[in-house]
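Values quoted throughout were computed directly from the atomic coordinates according to the rules given, and no laboratory measurement underlies them. Worth saying up front: this structure is predicted, and the values here are computed from it rather than measured. With ideal geometry, Cβ positions are generated from the backbone for all residues, glycine too; neighbour counts draw on all protein chains shown.
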Amino acid sequence: MQNDGLPTMDYATSYTRRRWGPWIIVGGIVSLLVALSLFIPTLNRPGYGPSPRLKCHSNMMQIGQAILLYSYDNRNEYPPDLATTWATQDLYAAVFICLLGNSSSSRAATQFTSDPAARAANNLDYIYVGEVLTNRVTAEEPVLFERLSDHDHDGGNVLFGDGHVEFIDKKQILKLLEPLRGTPRLTEEEYDAILAK
């Protein structure tokens, strides 16, 4: 019998392949399942979520957009406080919370107030200083500060008049705060809340 150039397989080789073939497939599947079971729990660890600094940046951008939308409906004036922003715009309470801050989303939803001293005492993570501004504000004008304690006093995110958010070190934040300190835009209580330890 001619084999026309095709390799021949004897009975012993084909028997071995038929015998071990399914076990090789089962072993591969088991190895894959073991590898996945080791990898999946790492996805739920806190260190694998978004960076707190980045999350605060995103929160402040959303608050800035809500402030701007509010101004379009109210003669270009910024809202008098964050409570008004939250009540009139479509924002979740969690947007007003820093992952490393002192607040909880349930407290943020119930403790908004227009009294600056109470705002600072309620430990809201962002301090709003835009109550007397309009949407014609300059790009360098600060509108919203984050507490320095939320990021180990290294600095904090600041929302500016044109809607951009920057993470700024502590020295630069102090320079931005100094002209506002003691004015209706930034009371002593709010100033202390931003710098709180």
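Here are a few things to note about the model shown:
- Proximal aspartates and glutamates relative to Lys171, as straight alpha-carbon distance under 12 Å, when same-chain residues fewer than 8 apart are discounted: Asp154
- Backbone geometry of segment 140-153 corresponds, through the Karplus equation with coefficients 6.51, -1.76 and 1.60 at θ = phi - 60°, to 3J(HN,Hα) couplings of 8, 7, x, 10, 9, 10, 10, 5, 5, 5, 5, 10, 6, 6 Hz, x marking Gly and Pro.
- Remark: segment 93-100, residue by residue, has Karplus-estimated 3J(HN,Hα) of 4, 5, 5, 8, 10, 8, 4, 9 Hz, where x stands for each Gly or Pro and the curve is 6.51 cos²θ - 1.76 cosθ + 1.60 at θ = phi - 60°.
- Amide H to amide H, with H built 1.01 Å from N, Asn157 comes under 5 Å of Glu146, Ile168, counting only residues 5 or more places away or on other chains.
- Among Cys56, Cys98, a tally of other beta-carbon atoms within 10 Å of each Cβ gives an order, fewest to most, of Cys98, Cys56.
- Within straight-line reach of Lys55, meaning a Cα separation under 13 Å, sit the following aspartates and glutamates at least 8 residues removed in sequence or on another chain: Asp125, Glu146, Asp150, Glu166.
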